[in-house]
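A short reminder: the numbers here are calculations on the coordinates, not readings from a lab. Everything quoted here is computed from the prediction, not taken from an experiment. A quick note on method: Cβ atoms are made from the backbone with ideal geometry, for glycine too, and the neighbour counts reach across all protein chains shown.
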Amino acid sequence: MGRSTRPLLGQLLRFGALLGLSLLALQLYFLLRIALMGLLDPQSTSFQRSEIWRLATEQQQVLWSQSWRDYAATSVHLKRAVIASEDAGFAEHSGVEWDAIEKAWSRNQRAEDRAERQNEVAERRAARKGAATTPPRKVEAKVVGGSTISQQLAKNLFLSGERTGLRKGQELVITLMLEACLPKQRILEIYLNNVEWGEGLFGAQAAARHYFGVDAARLSAPQAARLAVMLPAPKRFEKNPGSAYVAGRSATVMARMGAVTPP
């Protein structure tokens, strides 16, 4: 090895060591924060802070509603409904359902292939019509996920909403930390108090008051099922919470709720 390459190799080794130490320090930070959640309720999540910033820049007045409710002060119907709708295996799995992730990855790959083929066909058609025509609109593949409640909480607590392999890997690590440090009941409690149910609307108590005018402890089974159905796209369903889709999906969730035993 020549003398000129030795300083470069040393710099690369030092950089790699610093990068490794930085990643380790970040994981220890996440682990400490999660361990503290066993004793202290989190005041906000990364997702909530990003939403506050977005609302502050888009609107002159930020309308925000959130009020913590302990696990016992939240309707058992809502716990059953959310598990039935979002993560039927919540009580049994260790935070990650690998089969669901594999299936979601396969569906996303097929969707990306279809989108790519559609874009190629559209480009060929546009080329035949002439270069002066308006460029065809790109078809985007619809991305689906296989996230458990624990994974959703991990992402909302600490991470951004970007869809990258690195971010997904960090989500899995944080999920395993949550499952190792906190009981299932505490994970569900934190999730229900921080999940989004509309524009500036977070947690079961705020959702129960906003949509039904009752406290989270008094939600009925049909009301709880409707709230659970809204979770995948709360901002969209907020505009029409009584839609035919929400009603139909709520009936399906209610039929599953009887088989759910919350932690």
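Is the shape of the stretch 49-99 best called rounded, prolate or oblate, per the rule: a/c under 1.5 gives rounded, else a/b larger than b/c gives prolate, else oblate, with a ≥ b ≥ c the square roots of the Cα gyration tensor eigenvalues? Before the final figure, lay out each step's value.
Values: a/c = 3.45, a/b = 1.78, b/c = 1.93.
Cα axes put the stretch 49-99 in the oblate bin.
Does the stretch 27-70 come out rounded, prolate or oblate, given a ≥ b ≥ c as the square roots of the eigenvalues of its C-alpha gyration tensor, rounded meaning a/c under 1.5 and, failing that, prolate meaning a/b above b/c?
Details: a/c = 5.74, a/b = 1.81, b/c = 3.18.
Oblate is the answer for the stretch 27-70, as a/c is 1.5 or above yet b/c matches or exceeds a/b.
Taking θ as phi - 60°, what are the ³J(HN,Hα) couplings along the stretch 27-44 by the Karplus curve (6.51, -1.76, 1.60), each to the nearest whole Hz, with x for Gly and Pro?
Per-residue couplings from phi come out as 5, 5, 4, 4, 4, 5, 4, 5, 4, 5, 5, x, 10, 10, 6, x, 7, 6 Hz.
Quick check: pseudo-label points 7 Å beyond the Cα along Cα→Cβ at ALA180 and ALA217, how many nm apart are they?
3.7 nm
Starting from the 7 Å offset along Cα-to-Cβ, what nm value, one decimal, do you get for the label separation of LEU23 and THR57?
A separation of 3.0 nm, rounded to one decimal place.
How would you order 219-228, 250-259, 34-43 from highest to lowest mean count of nearby Cβ atoms within 10 Å?
Working: 219-228: 23.2, 250-259: 15.8, 34-43: 12.8.
Sorting 219-228, 250-259, 34-43 by mean packing, highest first, produces 219-228, 250-259, 34-43.
In nm, what is the difference between 0.36 nm times the number of residues separating TYR71 and LEU39 and their Cα-Cα distance?
10.1 nm
Going through the cross-link list LYS79/LYS235; LYS155/LYS235; LYS79/LYS155; LYS184/LYS239, which pairs have a Cα-Cα distance over 23 Å in this structure?
Checking Cα-Cα distances, LYS184/LYS239 exceed 23 Å.
Suppose every K and R has +1 on its Cβ and every D and E has -1 on its Cβ; what is the size of the dipole of the stretch 141-263 about the Cα centre, in Debye to the nearest 20?
300 debye
Measuring from centroid to centroid over Cα atoms, what is the spacing of the stretch 208-238 and the stretch 43-97 in Å?
For the stretch 208-238 versus the stretch 43-97, the Cα centre distance is 12 Å.
Name all residues of the stretch 215-241 having a backbone nitrogen under 19 Å from the label point set 7 Å from the Cα of THR252 along its Cα→Cβ direction, giving them as ranges.
222-238, 240-241
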